[in-house]
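Remarks on the structure that follows.
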Amino acid sequence: MKTWKKGSSTINEKPTVLLVDDSPVALKAAIDMFLFLGCETQSAKNSKEAIILVRQLKLMHKTLSLAVFDIEMKNEDGHQENGDQLAKRVHEIYPSLRIFAVTSISKGSMNLVDQSDLDGLFQKPLDIGLCQKLLKDVKKVC
């Protein structure tokens, strides 16, 4: 957590994590985990919502520390979306943002990361140890 003084008061900046998942249960679990770890969270249930949110955050000069997306989601029309495509669009707005994806599908999809804008791909469900590691890695980069 970055800390600096403004006048006589100290301000703590919590890491802000963007979470995108079309599963309400998985999204809520991820939000709860990152909140427990002391982060602020921003969330969306599909890539369309995520891009709108990311643009709003950029306009408000909000810093994003980390993003975690579901690698395969359904959009509001029920069509399949790819988390890598979303990562490319988010990187147009936040070029240095570290973006990780999660999947409930087999490990065969792990090869996607090598040819993508993703920094890593992990099996669902997320666990607290992995979330702590991602935050620790991001703090080293920030």
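Inside segment 47-73, can you point out the residues that are part of a loop (DSSP other than H, G, I, E, B) and either among the acidic types (D, E) or in contact with a Ser or Thr (Cβ under 7 Å, 6 or more places away or on another chain) (or both)?
First, pick out the residues of segment 47-73 that are part of a loop (DSSP other than H, G, I, E, B): 60-65, 71.
Result: K62, T63, L64, S65, I71.
Among the basic types (K, R) and at pLDDT 90 or above: which single residue out of K74, K140, K58, K133 fits that description? Steps first, please.
Details: K74 fails: at pLDDT 90 or above; K140 fails: at pLDDT 90 or above; K133 fails: at pLDDT 90 or above.
Within the list K74, K140, K58, K133, the selection yields K58.
Mind counting the residues in segment 115-138 that are in a helix (DSSP H, G or I) and of a type in the set (G, A, S)? Spell out the reasoning first.
Step one: filter segment 115-138 for residues in a helix (DSSP H, G or I), giving 115, 128-138.
This time we only want the ones that are of a type in the set (G, A, S), so: 129.
Selection size over segment 115-138: 1.
Take the conditions more than 22 Å from C131 (Cα to Cα) and part of a helix (DSSP H, G or I) and apply them to I31. Does it pass? Steps first, answer last, please.
Working: more than 22 Å from C131 (Cα to Cα): no; part of a helix (DSSP H, G or I): yes.
Against the criterion (more than 22 Å from C131 (Cα to Cα) and part of a helix (DSSP H, G or I)), I31 does not qualify.
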Long-range neighbours under 8 Å by Cβ, at least six apart or interchain, first residue without any contact (Cβ under 8 Å) to a residue 60 or more places away in the chain and over 25 Å from N82 (Cβ atoms) within segment 31-49, second assigned to a strand (DSSP E or B) and of a type in the set (V, I, T)
L35/T41; E40/T16; E40/V17
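The values are calculated or read from the model by the stated rules, or taken from the named source; none is laboratory data. Quick caveat: nothing in here was measured; it's all calculated off a predicted structure. So basically every Cβ, Gly included, is an ideal-geometry build from the backbone, and we count neighbours across all protein chains shown.
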